[in-house]
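The values are calculated or read from the model by the stated rules, or taken from the named source; none is laboratory data. Owing to the predicted nature of the structure, the values given are computational and were not obtained by experimental measurement. When the accessible area is computed, the model is the full protein with side chains, heavy atoms only, and any ligands, DNA or RNA have been set aside. Shrake-Rupley method; radii C 1.70, N 1.55, O 1.52, S 1.80 Å.
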Amino acid sequence: MREIIFLLALASANAGIALRAVEPMLPRLASDFGESVSATAVIISAYALAYGGAQLLYGPLGDRFGKLRVVSLSLVGAALGCFGCALAQDLATLAAMRLVTGLFASTPVMLGMAYIGDRVPAAERQPVIARFVAGTITGQALGPAVGGAVTDLLEWRGTFALLGAVFAVVSAILILRTRAQWGEEKVIALSANPFAVHMRLLRSSHVRHVVAIGFIETFLFFGAFAFLGAYLKLRFDLSLTLIGLILAGFGIGGVLYTLMVRRLLMELGQRGLVLGGGIGCCACYALAMLTHAWHVVALCTVGLGFSFYMLHNTLQTKATEMAPEARATGLALYSSAWALGQAAGVAGMGLAVGLLDYQAPIIAFGVGYLALGVWMRRNLDKL
């Protein structure tokens, strides 16, 4: 089981890189295509929309045909989507290829958590999920650094080609290492209409609460975070490589959280974690916008990663418990809302930045995240 979780985490890491590698390259893409940074950010929303919407299908497929099978095969499509991005000649084509990539790259995290939920008792699950999510965190940590450094060296086309090659290799490894186990997985006989299963689950107020909070969480957090790279370029005129390294602090903070999660659970409990996460994110966003030194922003990104996962990991654990009778489908609903919230947050922040500049909207989103943490502390029993 440990080897399989590691392989799924590896696939999740590359999906995380694919998600966040574009953030530091937004100014370069805007220049190449003659568009504004806000308009170019559509490539983030396209990926996130596809990532979220596809999971509504992949959840029931994972329950019916096996989680390992679905993950292994879907990553082939993700590789082809990245190669399509590398060949794009305009922003519309690039956004379309990012959408294709998101359609196929959405399986490792969601079905990986479902796989863990099937095999790890609820009382022991949060630390295991935290370690599994370290794969995604590592990918998200490397994503901005890879995007910035490779774009500086090989231009953005080289970045997408590299991502496609990694997806292809990871897919091949997963197929070779897990194919013999595809027939051993627990599968569930579901309705021929996968969306009927979603509607049945959504009749539960418990499921609806978790799904709604998943949407709000990423709307607020990633709506603000996606524009930190462009803000650093405008405010401090840093290189894309340095911006990528600064944004990678988010992943460092997340990894630090995974190393401390057991101790934090013992000392703070889940209620303390969600409140601390809200306070930490709000403080870091405010400080990043008000400071006159980019070194302070770098420290803030580490704090953002640590604080975000305090709240997010708790919510993820709740999501694995909300529909044990169709775990992958339930997690598909949660993950879809999570990704759609990110897409909507980026679009909303893009409009706000166009009207009000960067600082006020990003601070406002941070205050909203604090309010979410306070609400979750008071209502955790509903999740």
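Across Met25, Met266, Met289, mean-square fluctuation computed from a Gaussian network of the chain (C-alpha pairs under 10 Å connected) peaks at Met266.
Candidate values (i) 54, 47, 34; (ii) 116, 58, 38; (iii) 74, 49, 41 were compared with Cα extents along the principal axes in Å computed on the shown model; the agreeing label is (i).
First compute the accessible area of the stretch 34-154 with a 1.4 Å probe, then give the percent of it belonging to carbon and sulfur atoms.
Details: 2720 of 3790 Å².
Here it works out to 72 percent.
Mean silhouette area of the stretch 4-58, derived from the convex hull of its C-alpha atoms and averaged over all directions, reads 4.5 nm².
Summarised in one figure, the compactness ratio Rg/Rh of the stretch 66-145, Cα atoms and Kirkwood Rh, is 1.09. Looking at the calculated P(r) for the stretch 13-108, what percent of the C-alpha pair distances fall above 16 Å? Here the long-distance tail beyond 16 Å is 54 percent of all Cα pairs in the stretch 13-108.
Each part reduced to its alpha carbon centroid, the stretch 146-182 and the stretch 225-303 end up 26 Å apart. Once you've got the GNM for the chain with C-alpha springs shorter than 10 Å, pick whichever of Pro121, Pro361, Pro108 has the biggest mean-square fluctuation. Largest GNM mean-square fluctuation: Pro121.
Backbone geometry of the stretch 205-215 corresponds, through the Karplus equation with coefficients 6.51, -1.76 and 1.60 at θ = phi - 60°, to 3J(HN,Hα) couplings of 5, 4, 5, 4, 4, 5, 5, 5, 5, x, 5 Hz, x marking Gly and Pro. Apolar share of the accessible surface for the stretch 174-297: 66 percent from carbon plus sulfur atoms, 1.4 Å probe.
The stretch 338-374 and the stretch 69-91 have Cα centres separated by 29 Å.
Taking θ as phi - 60° and the Karplus parameters 6.51, -1.76 and 1.60, the scalar couplings of the stretch 164-174 work out to x, 5, 5, 4, 5, 5, 4, 4, 4, 5, 4 Hz in sequence order, x denoting glycine and proline.
A 1.4 Å probe run over the stretch 99-175, with the rest of the protein chains in place, finds 31 Å² accessible per residue.
Accessible area per residue of the stretch 284-345 at 1.4 Å probe, in Å²? Spell out each step's value before the answer.
Values: 1530 Å² over 62 residues.
Accessible area per residue, the stretch 284-345: 25 Å².
Which value in deg cm²/dmol, rounded to the nearest 500, describes the helix-derived mean residue ellipticity at 222 nm for the chain, given -39,500 (n - 2.57) per DSSP H run of n ≥ 4 and division by the residue count? Present the calculation step by step, with values, prior to reporting the outcome.
On the way: 16 runs with 328 residues, N = 383.
Helix-only estimate at 222 nm: -29500 deg cm²/dmol.
What the phi angles of the stretch 221-234 give under the Karplus curve with 6.51, -1.76 and 1.60, with θ = phi - 60°, is a coupling list of 6, 7, x, 7, 5, 4, 9, 5, x, 5, 5, 4, 5, 5 Hz, glycine and proline written as x.
With the whole protein complex present, Asp32 retains an accessible surface near 80 Å², based on a 1.4 Å probe. Classify the stretch 321-383 from the C-alpha gyration tensor, please: rounded if a/c falls under 1.5, else prolate or oblate depending on whether a/b exceeds b/c. Because a/c hits 1.5 or more and a/b fails to exceed b/c, the stretch 321-383 counts as oblate.
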